[in-house]
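Here the structure is laid out as structure tokens; the discussion comes afterwards.
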Amino acid sequence: MKIIYLHGFSSAGSTGTATEMRNHFYPLGISVVSPDIPIMPRDAVPFLQDFIAKEQPDLIIGTSMGAMYAELQKGYRRILVNPSFQMSRTLTFNHLGKNVDFQNPRQDGATHFKVDKEMIAQFKELETAPKGNKADGAPHVLYGITPEEKKLVWGLFGDKDRLVNFQKEFQKCYGKEHFKVIDAEHRLNSNVLKKEIIPLIHQILGV
């Protein structure tokens with residue numbers, strides 16, 4: 001079996017979350033892979049489509065920005081943790097014009113990047129539904145969800161998340177069957193991973 005973990009904004013595949021999951025599941029014969037997501041959405045979307053098609057995971061897990069990208073991967077089982085479905089808004093109010101340091105080492109050696117108007121415009125483009133395809137006010141990343149898709153996606157939302165809150169949008173599009181509020185802030189830590197994420201993975205994969 002294989003799990004793909006998609007990291008959050010300004011992080012990398014080397015994040016401790018992926019490492020901890022890898023250490024936990026390796027003895028069970030389950031591999032955990034976590035790529036460095038390109039910082040620009042127009043690069044990230046095709047990169048992830050190709051990566052996931054090649055890896056053919058049994059489960060995809062994403063946090064924050066990574067959860068937004070995970071939601072786009074239709075047909076796969078996915079866990080979305082504190083998904084940030086409107087990155088353009090978050091970046092505009094918190095990071096526009098700033099140099100941001102990567103929190104974890106990247107394979108290409110990059111240590112920082114700048115949040116500019118082009119990055120925000122690309123996220124906005126990703127979030128905007130094509131003309132005539134409104135998703136009842138929800139971001140475009142939540143558009144076109146079928147009954148089959150609802151069975152494949154779980155949403156976990158930290159009750160102390162002060163950065164983003166898309167609980168209503170998730171419930172409106174995916175329902176409440178796989179929706180859960182957890183004792184957590186926006187960023188994952190080892191305690192939340194062990195208490196909430198790993199048990200859910202065992203449940204979904206049946207291991």
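The length gained by stretching the chain between Thr111 and Phe179 to full extension, at 0.36 nm per residue less their Cα-Cα distance, is 20.9 nm. Among the lysines, which have Cα under 30 Å from the Cα of Lys176 when same-chain residues fewer than 8 positions away are ignored? The reachable lysines, counting only those whose Cα sits under 30 Å from Lys176, are Lys2, Lys74, Lys124, Lys131, Lys134, Lys150, Lys151, Lys160, Lys168, Lys194, Lys195. Using the 1.4 Å probe convention, the accessible area of the chain works out to 50 Å² per residue with neighbouring protein chains retained. Placing +1 on each Lys and Arg Cβ and -1 on each Asp and Glu Cβ, with no other charges, gives the stretch 24-159 a dipole about its Cα centre of roughly 280 debye. Across Phe47, Phe93, the residue with the most accessible area heads the list, and the full order at a 1.4 Å probe is Phe93, Phe47. Surface composition of the stretch 61-207: carbon and sulfur atoms hold 48% of the protein heavy-atom accessible area at a 1.4 Å probe. Since only Phe93, Leu188, Pro147 are under comparison, the one whose Cα sits farthest along the positive direction of the charge dipole of the chain, derived from C-beta charges on Lys, Arg, Asp and Glu, is Pro147.
Given R₀ = 45 Å, FRET efficiency for Val207-Glu125 by Cβ-Cβ distance, to 0.05? Efficiency computed from Cβ-Cβ geometry: 0.70. Solvent exposure of Thr111, expressed as accessible area, is near 90 Å², computed with a probe of 1.4 Å over the protein chains only. Largest first, the residues Arg106, Arg89 sort by 1.4 Å accessible area into Arg89, Arg106. Most simply put, the chain has about 15% antiparallel DSSP beta bridges, counting only bridges with both residues inside it. Rolling a 1.4 Å probe over the protein heavy atoms leaves Met40 with an accessible area of roughly 40 Å². Ordered from largest to smallest accessible area (heavy atoms of protein chains, 1.4 Å probe), the residues Phe123, Phe179 come out as Phe179, Phe123. For the chain, the residue among Phe179, Gly8, Met65 whose Cα projects farthest onto the positive side of the dipole built from Cβ charges is Phe179.
The values are calculated or read from the model by the stated rules, or taken from the named source; none is laboratory data. A quick note: this is a predicted structure, and the numbers were derived from the prediction, not measured. All Cβ positions, glycine included, derive from the backbone under ideal geometry; neighbour counts span all protein chains shown. Each accessible area value is taken on the protein alone, full model and side chains, heavy atoms only, with ligands, DNA and RNA left out. Shrake-Rupley method; radii C 1.70, N 1.55, O 1.52, S 1.80 Å.
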